[in-house]
Every structure is written in structure tokens, then in C-alpha cells.
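None of the figures in this text is laboratory data; all of them are computed from the coordinates on show. All values derive from a computational prediction rather than experimental measurement. Cβ atoms come from the backbone with ideal geometry, glycine included; neighbour counts cover every protein chain shown.
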Amino acid sequence: MRQRQHEAVPTPRADVQAQAQRWVVKIGSSLLTNDGTGLDLAWIARWMEQIRHLHRAGKEVVLVSSGAVSAGTALLGWSQRPGDLASRQAAASVGQSALIHHYEKILQQVARPEDPPLHCGQVLLTHDELRNRKRYLNARNILRVLLDRNVLPVVNENDAISYRPIQLGDNDTLAAMVCNLLDADLLVLLTDQDGLFSADPRRDPDACFLAEVTAGDPRLEAIAGGGGSGVGTGGMLAKVKAAARAARSGTATVIAHGRHPDILPELVEGKAIGTFFRVRRPVLKARKRWLSDHLRVPGSLILDDGAVRALREKGRSLLSVGVLRVEGEFHRGDLVACRAQDGREIARGLIDLDASVMRRILGHSRAELEQDPTIADSVVIHRDNLVLADPTGDWTPRQSSRQPPVSVPNPGQEPQEGGATE
Ligand SMILES: Nc1ncnc2c1ncn2[C@@H]1O[C@H](COP(=O)(O)OP(=O)(O)O)[C@@H](O)[C@H]1O
Ligand SMILES: N[C@@H](CCC(=O)OP(=O)(O)O)C(=O)O
């Protein structure tokens with residue numbers, strides 16, 4: 001079920017939850033392990049039972065699971081989570097296979113005789129899958145194929161080969177990206193707190209619980225601290241940002257305590273447990289979502305005030321005459337940031353020219369540029385390939401682009417552009 005945007009009367013929370021068809025459920029490190037090493041198999045069994053329950057209710061479920069490093073740390077006989085990259089990669093490599101083994105085994109143990117077959121399908125993603133358009137579409141297709149074949153995708157970052165410059169880091173971000181890939185209806189972030197509080201409840205005993213908020217509300221980032229449990233990576237801040245990111249695809253979010261008994265069945269019943277993040281902004285089209293999903297860009301263009309206005313207020317393409325400076329190295333087709341002169345990122349998009357060509361164009365004086373329309377009017381970034389930042393720093397749709405055909409994924413088929421909302 002897709003929450004309708006700009007409704008006079010917003011869909012009640014209970015209905016958003018009960019009618020959500022495609023669920024992305026994320027279980028954080030803080031829940032999967034009690035002391036930072038090893039897995040809590042008893043609780044994994046309870047979550048697997050709950051996922052079986054969702055399937056019986058006809059829901060599609062993707063599980064985003066942390067825990068590889070914790071599981072590997074215990075198996076390798078180390079007393080604490082490794083601090084150095086190589087040991088963390090080794091722990092993830094050993095732990096990920098153990099993690100998926102336990103999920104599959106326990107998923108079968110909790111099956112009822114009348115249940116149709118349900119197996120786990122491991123999907124390990126890196127930042128590259130989300131940066132490169134072809135790999136992004138490929139990841140989307142395989143996730144769709146798994147759901148179509150009644151498989152439970154179990155997603156994690158490929159920690160064994162990720163290293164800091166290309167790392168997503170926390171699985172809240174990853175889960176939100178999966179929501180964007182799949183146009184999920186509901187993101188459930190299970191953690192070790194009852195939800196979002198007005199301050200970190202570990203530090204502030206007077207912190208108040210927030211039952212319902214708006215995804216992307218900039219005030220929320222100020223109250224959500226970084227890593228809190230010491231085991232998890234992103235802390236509440238990553239979850240608040242993930243809810244804002246998920247809202248770009250119209251996905252509502254619930255942050256709830258994973259050890260609340262039967263949390264998932266109770267959410268399907270529409271119960272108000274945990275903090276609900278309502279979607280209150282226009283949904284970005286799939287292609288623009290992919291543009292906004294990039295965590296890093298190889299270069300920036302510094303724009304003059306006229307170009308900033310043309311992009312922001314008139315929804316125009318970016319022309320070379322409006323570019324004052326080029327930073328970084330990039331090639332035609334790369335995603336680059338467009339910045340105002342004070343450094344704020346106001347847009348980002350796929351560039352039509354290499355950095356070297358841009359610099360050559362900028363070598364002309366502004367008077368020369370203005371006199372030679374063939375150079376001055378070169379389209380640097382077409383408006384269909386641009387997303388604009390709104391005043392909160394989130395991304396907003398602007399121009400409607402043409403609708404490519406909707407694709408139905410087939411195994412082995414080349415990834416296709418397109419999708420329900422593109
Ligand atoms: N405003 C807040 N409300 C709730 N929890 C918060 C807040 N600010 C910081 N936290 C901390 O965030 C932690 C959860 O994040 P994290 O440890 O990364 O968990 P996970 O492994 O589930 O992702 C909580 O244990 C809590 O201490
Ligand atoms: N991908 C890592 C976990 C990353 C992590 O801790 O994320 P989170 O559970 O969001 O704090 C792993 O499997 O160990």
C-alpha cells in the first residue's frame with residue numbers, strides 16, 4: 001500500500017502498517033548480539049517466526065541483517081570486535097556464512113506443515129551496486145526476482161571486501177536504500193530502544209518517547225545521537241536519516257524495540273508500537289532517487305547566482321556559462337555536485353562533459369563565453385539528470401522526465417531501466 005501524498009486527511013498510521021504490502025525489516029547489531037560477540041540464536045528464532053507470520057499474512061519481506069562481524073568475532077575466538085580493517089573483514093567473511101546458515105536453518109525449524117517453501121537468499125551489496133546505474137538496476141532486479149520466487153532476501157553490506165572509502169558503514173542506510181530500490185511500503189528498524197526519544201535515553205533519564213514524527217523533519221537529527229549501544233554503527237542519527245531517505249520512495253518507517261514480543265505481527269495488526277515516521281513529501285522518481293542515493297561524488301561545479309536561480313526556481317538544465325569553477329576529476333556520465341559559491345550543495349546530476357573539457361571552456365573569459373553561444377550554451381547537466389536539494393538538504397523532484405517502459409525482471413536478463421514510479 002502506498003501512502004498517498006498531500007492527502008487532506010493523512011492515512012491513519014494503523015492503516016499504513018496494516019495495508020503495507022512490501023516490508024523491509026532491519027535487525028541491528030545491538031539486537032543480534034548481547035555483548036558484541038556471537039549471535040543470540042534464541043531471538044533469531046523468534047524473529048524468524050515473526051517473518052513466517054508476515055508471509056502467512058501475504059506480505060513480501062526483505063530482511064536486512066547486521067551481525068556478520070559479531071558472529072565472526074566469536075567464531076574466531078576473539079574477545080572483542082576487532083578495531084583494524086583487515087581483522088574486521090576477516091571476521092565478516094567468517095561470520096556472514098555462519099549468519100546465513102543460522103537464518104536458513106532456523107527459518108525451516110519454525111515452519112508449519114501447511115507453509116509453502118520459504119528459503120533465504122543472501123544478497124551482499126557494496127556502495128558500488130548503488131553508485132553504478134547498471135549494477136543498481138541489477139541489484140533491484142535480483143531482489144525483485146527473489147520476492148517473486150517466494151524467497152526471503154537476507155541483505156547485508158559485503159563487509160569482507162568493503163573498506164572505508166566505499167563503505168556504507170551502517171545498515172540503516174543500506175535498509176533505506178533497499179526501500180528505494182524496491183519501492184517498499186514499510187521500513188521497520190528494529191533496535192535496542194523503544195523508538196526515538198527527545199534525547200538519548202541511555203544518557204538522559206528525562207528523555208520523552210516520540211510516538212509519531214514526520215520523516216525528514218530537520219529537528220529530529222539534532223536529538224538523535226550517533227552510535228549509542230557501542231555495538232551498533234550508526235546510532236539513532238543513522239535511523240532518522242534512513243527514515244528520511246526511505247520517504248523519498250514513499251516508504252513509511254517504524255523504529256521499534258526488536259525484543260518487544262511479537263513486534264512484527266503487532267505492527268501488521270496496526271498497533272502503535274515504536275516511533276512512526278510519516279511520509280509528507282513528494283516521492284522522487286526512481287531515476288532521481290538513484291541520483292540522490294549516492295553517498296560520494298568525484299567532483300563539484302561552483303555556480304554563479306544566476307545559475308543557482310535557474311536550477312532552483314526555473315527547473316532549467318545547467319549551462320556552461322553559469323559555472324565559475326570546477327573541482328575534482330570526473331568524466332562524462334559521472335555524478336557531480338553543483339554548489340553555490342558558499343559551498344552549499346544545491347543540486348547534483350550526471351555531467352555531459354569531462355572535467356578537462358569543462359576546464360577548457362572555463363579558460364575563456366566570461367565576455368568571450370557570452371559572445372560565443374556555442375560554448376556558453378553547452379548543456380553541462382541536462383535537467384532530466386538533475387536532482388535539487390531542498391532547504392533541509394534533502395532531495396526534491398523538479399522536472400518530469402519521459403517515462404521509460406516498465407520492465408518485468410527475468411533471471412539472467414540484462415538489467416532494465418524503468419519501474420513503477422519511473
Ligand atoms: N534520541 C534518541 N532516541 C533513542 N535512542 C538514541 C537517541 N540518541 C541516541 N540513541 C542511541 O542509539 C542507540 C541505537 O543505535 P545503534 O547502537 O546503532 O543500534 P543498532 O545496532 O540497532 O543499529 C540506542 O541504544 C541509543 O542509546
Ligand atoms: N554490516 C555489519 C554491521 C554494520 C552495523 O553494525 O550496522 P548497524 O546494525 O546499523 O549498527 C555486520 O554485519 O557486522
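List the chymotrypsin sites (Phe, Trp or Tyr not before Pro) within the stretch 56-156 that fall in a DSSP loop (any state other than H, G, I, E or B) and whose Cβ has at most 15 other Cβ atoms within 10 Å. Show your work: numbers first, answer last.
Numbers: sites: Trp78, Tyr103, Tyr136; in loops: Trp78.
Passing sites in the stretch 56-156 are Trp78.
Using +1 on the beta carbon of Lys and Arg, -1 on that of Asp and Glu, and nothing else charged, what's the dipole of the stretch 13-288 about the Cα centre, debye to 20?
On the way: 34 positive and 29 negative charges, 227 e Å.
Computed charge dipole of the stretch 13-288: roughly 1100 debye.
For Leu210 and Asp354, FRET efficiency with R0 = 41 Å and r from the beta-carbon atoms, rounded to 0.05?
Here the calculated transfer efficiency is 0.30.
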Dipole axis of the stretch 54-173 (+1 Lys, Arg; -1 Asp, Glu on Cβ), positive-most option in Leu63, Gln80, Asn132: Asn132
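Between Ala222 and Ala199, what length in nm is gained on full extension when 0.36 nm per residue of separation is reduced by their alpha carbon distance?
Details: separation 23, 0.36 × 23 = 8.28 nm, distance 0.89 nm.
Computed gain between Ala222 and Ala199 is 7.4 nm.
State the extension gain, in nm to one decimal, for the chain segment bounded by Ala111 and Arg296, taking 0.36 nm per residue of separation less the distance between their alpha-carbons.
Numbers: separation 185, 0.36 × 185 = 66.60 nm, distance 4.24 nm.
Length gained between Ala111 and Arg296: 62.4 nm.
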Cβ-based net charge around Asp262, under 10 Å, with every Lys or Arg adding one and every Asp or Glu removing one: -1
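Quote the FRET efficiency, to the nearest 0.05, computed for Arg259 versus Ala86 with a Förster distance R0 of 41 Å and r equal to the Cβ-Cβ distance.
Calculated value: 0.80.
Once you list every other residue whose beta carbon is under 10 Å from the beta carbon of Thr214, what net charge do they have if Lys and Arg are +1 and Asp and Glu are -1?
Working: positive: Arg219, Arg278, Arg280, Arg281; negative: Glu212, Asp217.
Spelling it out: positives minus negatives among the neighbours equals +2.
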Local net charge near Val240, Cβ-Cβ under 11 Å (Lys/Arg +1, Asp/Glu -1): +1
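For Lys314 and Gln19, what is the calculated FRET efficiency with R₀ set at 56 Å and r taken between the beta-carbons, to the nearest 0.05? Display every interim value, and only then the final one.
Details: r = 38 Å, r/R0 = 0.68.
The calculated FRET efficiency here is 0.90.
First check a/c for the stretch 63-130, with a ≥ b ≥ c the square roots of the eigenvalues of its C-alpha gyration tensor; if it is under 1.5, answer rounded, and if not, answer prolate when a/b is larger than b/c or oblate otherwise. Let's see the in-between values first.
Numbers: a/c = 3.93, a/b = 1.71, b/c = 2.30.
In terms of gyration-tensor shape, oblate.
Going through the cross-link list Lys105/Lys239; Lys241/Lys285; Lys26/Lys59; Lys105/Lys134, which pairs have a Cα-Cα distance over 25 Å in this structure? Spell out each step's value before the answer.
Working: Lys105/Lys239 29 Å; Lys241/Lys285 19 Å; Lys26/Lys59 16 Å; Lys105/Lys134 33 Å.
Too far apart for the 25 Å limit: Lys105/Lys239; Lys105/Lys134.
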Pairwise label distance in nanometres, Asp342 with His101, each label 7 Å out on the Cα-Cβ vector: 5.6 nm
Simple label model, 7 Å out from Cα along Cβ direction - His119 to Arg56, nm: 2.3 nm
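In terms of the Cα gyration tensor, with a ≥ b ≥ c the square roots of its eigenvalues, is the stretch 13-288 rounded because a/c is under 1.5, prolate because a/b exceeds b/c, or oblate? Let's see the in-between values first.
Working: a/c = 1.21, a/b = 1.07, b/c = 1.12.
Rounded, since a/c falls under 1.5.
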Fully extended contour minus Cα-Cα distance, from Asn132 to Tyr163, at 0.36 nm per residue: 9.4 nm
